[in-house]
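Data block below; observations after.
The values are calculated or read from the model by the stated rules, or taken from the named source; none is laboratory data. In this text the structure is predicted, and so the values were computed from the model without any measurement. As a convention, Cβ positions derive from the backbone with ideal geometry for all residues, glycine included, and neighbour counts pool all protein chains shown. The protein model used for the area step is the full one, side chains on, heavy atoms only, and it has no ligands, DNA or RNA in it. Shrake-Rupley method; radii C 1.70, N 1.55, O 1.52, S 1.80 Å.
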Amino acid sequence: MTHLVEHLEQYLGPISGGWARDADGRPTHAQVVKFDDGPLDGVVAYSTLGLSRCALAMPGRAPIRIELLMMVRRGHFERYVPSMMQQLAEEMIHEGRAPLRGEVIGPRGPLDPDTRLEAFLVYSPYYQPDGFAVCEDVDGPIIIANLVPLFPAEANFAATHGWEALEGLLVEHDPDVDDWLRPPLPVHNP
């Protein structure tokens, strides 16, 4: 884990906090760590740490090791991020399967009572240099997968048109996906 911690801190700044227990006080398989001094002003990064101890299956590919990353504007939307990330990590370990790039998780209901975002797009890290996306560890590569929060209509658009079409809208409109109060993308579902 030492090399992974060094890799994360190289790109996100020093770890400023962490959670290793769920809301009921039980230890989790992967902890969640927080980075206050990341590459963007006003944006806090969260990452799982330890999910990569489990090799997870991917359809049609060799098992991979993965950690999850989420970036969010500093403020009250942070309150649920650690528990969401712990829940997703526990689900992946339980299922023994890693999400594919472009996979949509949800919609599952609001990520926070004050937002209408309800899903995540599993995506490559977009604010860090290319070298951040893979941590070359002594036990093999660890993929860093970014979770981009989505509105239900955006998740449905990806389901009906493919994640590449959603990616095209993200590139075209360049929304501040770290702001959970952003307006939805102009998707047109049939």
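Given 25 °C and 0.890 mPa s, compute D for the stretch 104-163 with the Stokes-Einstein relation, Rh being the Kirkwood radius over Cα pairs; round to the nearest whole µm²/s. Using the Kirkwood radius from Cα pairs, D works out to 190 µm²/s. Please give the net charge around P113, taking every other residue with its beta carbon less than 15 angstrom from that of P113, where Lys and Arg add +1 and Asp and Glu add -1. Combined, the nearby Lys, Arg, Asp and Glu give -1. Roughly what angle does helix 2-12 make with the longest principal axis of the chain, taking Cα atoms, 0 to 90 degrees, to the nearest 10? So the helix axis and the longest Cα principal axis differ by about 40 degrees. Among H76, H94, the sequence by solvent-accessible area, most first, with a 1.4 Å probe is H94, H76. The accessible-area ordering, largest first, of the residues I142, I93 stands as I93, I142, per a 1.4 angstrom probe. For the stretch 1-86, the equivalent ellipsoid derived from the Cα gyration tensor has semi-axes of 22, 17, 12 Å, listed largest first. Under the combined filter of DSSP loop state and at most 14 neighbouring Cβ atoms within 10 Å, the stretch 36-99 retains these trypsin sites (Lys or Arg not before Pro): R74. Let me make sure I get this right: for the stretch 71-130, a, b and c are the square roots of the gyration tensor eigenvalues over alpha carbons, sorted descending. Under 1.5 in a/c it's rounded, otherwise prolate if a/b > b/c, else oblate. Which is it? Judged from the Cα gyration tensor, the stretch 71-130 comes out oblate (a/c at least 1.5, b/c at or above a/b).
Compared with the dominant principal axis of the Cα atoms in the chain, helix 152-161 is inclined by about 90°. Taking packing as the residue-averaged number of other Cβ atoms within 10 angstrom, the listed peptides 129-136, 40-47, 4-11, 29-36 run from highest to lowest as 29-36, 40-47, 4-11, 129-136.
A viscosity of 1.567 mPa s and a temperature of 4 °C, combined with the Kirkwood radius over Cα pairs in Stokes-Einstein, give a translational diffusion coefficient for the stretch 83-190 of 87 µm²/s.
Dividing the Cα radius of gyration of the stretch 8-54 by its Kirkwood radius returns 1.03 for Rg/Rh.
Note on S124: accessible area is roughly 40 Å² with a 1.4 Å probe, heavy atoms of protein only. Adding -39500 (n - 2.57) for every DSSP H run of four residues or longer, then dividing by how many residues the chain holds, sets the calculated 222 nm ellipticity at -7500 deg cm²/dmol.
Averaging the Cα positions of each part gives two centres, and for the stretch 119-190 and the stretch 36-84 these lie 13 Å apart.
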